[in-house]
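In what follows, a structure is listed as structure tokens, so that the remarks can point back to it.
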Amino acid sequence: MQLAAKEHNVMDTANREHKIKLMYDRYVRYLFIACAFLMTVIILSIIVFVGQQGLLTFTEVSPIEFFLTSKWDPTEGQYGALTFILGSISVTMLAIFFGAPLGLAGAVFMAKIAPSWLREFMRPATDLYVAIPSVVYGYVGLTILVPFVRETFNVSTGFGLFAAAIILAVMILPTIISISEDALRAVPRPLEEASLALGATRWQTIWLVLIPAALPGILTSIILAMARAIGETMAVQMVIGNTPQLAQSLFIPTSTLPSEIVVEMGNTPFGSVWGNAIFLMALVLLVISLAMILIIRRIAQRRVA
């Protein structure tokens with residue numbers, strides 16, 4: 001009877017522990033659902049608030065004037081944001097042009113060429129770039145890069161798209177390197193071995209086999225880097241010149257959507273046409289970022305398929 005009682009107690013203890021685990025799992029599940037719901041509500045609230053306030057601009061400014069003209073002078077009632085939109089797109093494309101090849105080369109080196117001891121050192125060192133505040137990048141660009149551009153290219157100021165693109169190219173390198181390296185290392189080893197067995201050289205295997213196989217992940221890293229670059233504020237604001245004029249060359253001061261928002265948001269009365277136009281610029285920037293996220297999801301779905 002004592003043995004039966006002990007077995008009964010053990011079973012009761014196991015049942016209680018099982019019920020506690022089920023209760024714990026259920027409560028944790030509810031907690032995660034609540035957190036996801038809260039984040040969704042916060043994001044939608046931001047979109048609705050920015051959208052409602054920004055779209056009020058069109059009560060006094062036509063969409064054609066806002067999107068297709070480059071004259072920005074709130075004191076005269078002119079709100080053409082084409083300069084800032086083109087500036088954001090241009091500096092982002094230039095940053096990708098400079099940074100993507102370097103990032104991909106670094107990813108290939110770390111994934112397939114570097115010895116393990118060097119990779120273990122370089123990966124954390126690369127990740128440290130993310131921890132550097134953007135204002136530090138901007139200050140380095142302001143004190144070192146801008147004078148260098150001014151003296152090297154014999155231009156008047158050194159501010160402009162070129163300096164901003166160089167700073168952004170450095171800032172997006174960790175994103176491209178880390179994600180591209182993971183994509184390259186995820187390529188099945190037999191695929192690489194088969195290429196080498198057929199007589200391909202190491203570089204032919206990397207260029208013609210590994211990179212095409214890892215292309216969805218590489219494209220994802222580039223688009224994430226573009227999303228980081230187009231939304232960057234302080235570093236760009238410190239080296240681009242902050243002048244509301246179309247950049248006719250890489251060395252003419254201009255402005256972007258984030259930098260112009262930072263410059264003017266403290267001077268605009270809330271609810272005025274000027275303030276609403278700033279909100280509309282933020283909405284345009286938000287829509288561009290959301291579009292890039294949707295593109296990333298589409299690429300990821302194709303990769304899984």
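Just a few scattered comments:
- For region 8-121: rounded, prolate or oblate by the Cα gyration tensor [a/c cutoff 1.5]: oblate
- Our coupling estimate for region 158-174, obtained by passing each phi through the Karplus curve with A = 6.51, B = -1.76, C = 1.60 and θ = phi - 60°, is x, 6, x, 5, 5, 4, 5, 5, 5, 4, 5, 4, 5, 5, 8, 4, x Hz, Gly and Pro reported as x.
- For W207, W274, W117, order by how many other beta-carbon atoms lie within 10 Å, fewest first: W117, W207, W274
- With both labels modelled 7 Å from their Cα along Cα-to-Cβ, the L246 to D182 distance reads 4.1 nm.
- Folded to 0 to 90 degrees: helix 116-131 orientation relative to the chain principal axis, Cα: 50 degrees
- When region 160-305 is described by a simple charge dipole with +1 on each Lys and Arg Cβ and -1 on each Asp and Glu Cβ, the residue from A214, T254, M265 located farthest towards its positive end is A214.
- The share of Cα pairs per 20 Å bin across the chain, counted from zero up to the longest distance, runs 25, 44, 22, 7, 1 percent.
- Neighbour-limited loop hits for trypsin sites (Lys or Arg not before Pro), region 197-305 (at most 13 other Cβ within 10 Å; DSSP other than H, G, I, E, B): none
- Modelled FRET efficiency - R0 25 Å, F97 with I46, Cβ distances, 0.05 increments: 0.20
- Estimated dipole of the chain in Debye, rounded to 20 [Cβ of Lys and Arg +1, of Asp and Glu -1, Cα centre]: 1080 debye
- C-alpha center-to-center spacing [region 33-51, region 191-226] in angstrom: 39 Å
- Burial ordering of Y139, Y27, fewest other beta-carbon atoms within 10 Å first: Y27, Y139
- Close amide H contacts of Q78 (hydrogens built in the peptide plane, cut-off under 5 Å, sequence separation of 5 or more or a different chain): D73.
- Counting every other Cβ atom within 10 Å of each residue's Cβ, L142, L290 order from fewest to most as L290, L142.
Just so you know, all these numbers are worked out from the coordinates, no wet-lab data involved. Please read all numbers here as calculations on a predicted model, not as lab measurements. Backbone-built Cβ (ideal geometry, glycine too); neighbour counts: all protein chains shown.
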